[in-house]
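Q: The structure is given below, and queries will be raised subsequently.
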Amino acid sequence: MNVLIVHDSKFGNGEKIAEKMREEFEKTGASVKISHVSDSSSLPMREEFPDLLIVGAAVRMFRVSPASKKWLNQLDKNARKAGATIVFGSVYLTHALKENSIKGFGRRYLRFMQKMKSLDFVYPKLFSGQVKGQEGPLYEDVLPAVEEFTQSLKKWMTENKI
Ligand SMILES: Cc1cc2nc3c(=O)[nH]c(=O)nc-3n(C[C@H](O)[C@H](O)[C@H](O)COP(=O)(O)O)c2cc1C
């Protein structure tokens with residue numbers, strides 16, 4: 001299985017989550033690529049479309065990173081042109097909010113991804129990475145929670161495999 005994780009990390013917290021996810025996926029033999037949304041080569045060509053796309057986006061100025069949405073909109077255009085789709089999508093958010101306050105951001109971002117033409121199935125659960133202050137670090141329970149998240153994501157993918 002090929003996994004692409006695209007994040008918009010500024011201070012390294014979202015990147016740490018991506019690295020931990022890579023570690024977990026690689027344990028089961030998956031091949032994982034991590035890119036930053038601003039890397040010009042981060043948008044995959046049709047032949048590079050992963051089986052699973054994970055987007056890591058930060059809440060800044062009370063909204064979820066416009067850069068990540070722009071990236072996804074461009075992916076949608078490219079996928080439409082190529083006549084191809086990515087089967088699975090998932091998202092994690094980094095933020096400095098209390099857990100209850102992130103849920104609305106998560107729901108809206110998941111809805112945005114579910115409307116994308118280029119993603120067949122979007123994992124309905126959000127992974128939340130809360131940071132201390134504006135720059136982090138991540139709260140101590142975030143990285144250990146990645147293992148459980150990736151396991152349930154993998155289980156959901158297996159159940160939805162067509
Ligand atoms: C300019 C700025 C504005 C921010 N605004 C918010 C905000 O409105 N809500 C919030 O929860 N976190 C806010 N944050 C904290 C970011 O969510 C945090 O820096 C980011 O998630 C850390 O991830 P990163 O290290 O991968 O960039 C803000 C951070 C910056 C730098």
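Q: Taking the DSSP beta bridges in the chain as the whole, what percent of them are antiparallel, to the nearest 5?
A: Details: 3 of 28 bridges.
Rounded to the nearest five, the antiparallel share is 10 percent.
Q: Using the Cβ atoms and a cut-off under 15 Å, what net charge is assigned to the surroundings of R22, where Lys and Arg are +1 and Asp and Glu are -1?
A: Values: positive: K16, K20, K27, K33, K154; negative: E15, E19, E23, E24, E26, D51, E147.
Around R22, the surrounding residues sum to -2.
Q: Per 0.36 nm of contour for each residue apart, how much would the distance between Q151 and K115 grow if the chain were fully extended, relative to their Cα-Cα spacing? Display every interim value, and only then the final one.
A: Working: separation 36, 0.36 × 36 = 12.96 nm, distance 2.49 nm.
Going from the current span to full extension adds 10.5 nm.
Q: Sticking with the crude label model, points 7 Å out along Cα→Cβ, report the distance from R108 to R80 in nm, one decimal please.
A: Result for the modelled spin labels: 2.3 nm.
Q: What percent do you get for the relative contact order of the stretch 3-44 when only Cα pairs under 8 Å and 6+ apart count? Walk me through the intermediate numbers first.
A: Working: 40 pairs, mean separation 21.6, N = 42.
So the answer I get is 51 percent.
Q: Using a probe radius of 1.4 Å on heavy atoms only, what accessible surface per residue do you get for the chain? Whole Å² is fine. Could the numbers behind the result be given before it?
A: On the way: 8830 Å² over 162 residues.
Normalised by residue count, the accessible surface of the chain is 55 Å².
Q: Using modelled backbone amide H atoms (1.01 Å from N, in-plane), which distant-in-sequence or interchain residues come within less than 5 Å of I86's amide H?
A: L119, D120
Q: Net charge near A82, counting Lys/Arg +1 and Asp/Glu -1 over other residues with Cβ under 12 Å of its Cβ?
A: Numbers: positive: R46, K77, R80, K81, K117; negative: E47, E48, D76.
Charge balance near A82 sits at +2.
Q: Work out, in µm²/s and without decimals, the Stokes-Einstein translational diffusion coefficient of the chain at 25 °C, 0.890 mPa s, Rh from Kirkwood over C-alpha pairs. Walk me through the numbers before you get to the answer.
A: On the way: Rh = 15.7 Å.
Answer, rounded: 156 µm²/s.
Q: Under the rule of -39500 (n - 2.57) per DSSP H run of 4 or more residues, summed and divided by the residues of the chain, what mean residue ellipticity at 222 nm is obtained, to the nearest 500 deg cm²/dmol? Provide the component values of the computation, followed by the final result.
A: Working: 4 runs with 66 residues, N = 162.
So the calculated ellipticity at 222 nm is -13500 deg cm²/dmol.
Q: Find out how many positive minus negative residues lie around S118, taking Lys and Arg as positive, Asp and Glu as negative, among other residues whose Cβ is under 11 Å from that of S118.
A: On the way: positive: R46, K77, R80, K81, K115, K117; negative: D76, D120.
In short, +4.
Q: Using only Cα atoms, find the angle between the long axis of helix 142-160 and the longest principal axis of the chain, and express it within 0 to 90 degrees, rounded to the nearest 10.
A: 30
Q: Would you work out what percent of the accessible area of the stretch 2-160, with all protein chains in place, is carbon or sulfur (probe 1.4 Å)?
A: Details: 4240 of 8450 Å².
So the carbon and sulfur contribution to the accessible surface is 50 percent.
The values are calculated or read from the model by the stated rules, or taken from the named source; none is laboratory data. As the structure is a prediction and not an experimental result, all values here were calculated from the model. Here Cβ is always computed from backbone atoms with ideal geometry, including for glycine, and neighbour counts include all displayed protein chains. Side chains are part of the model used for accessible areas, which takes the heavy atoms of the whole protein and leaves out ligands, DNA and RNA. Shrake-Rupley method; radii C 1.70, N 1.55, O 1.52, S 1.80 Å.
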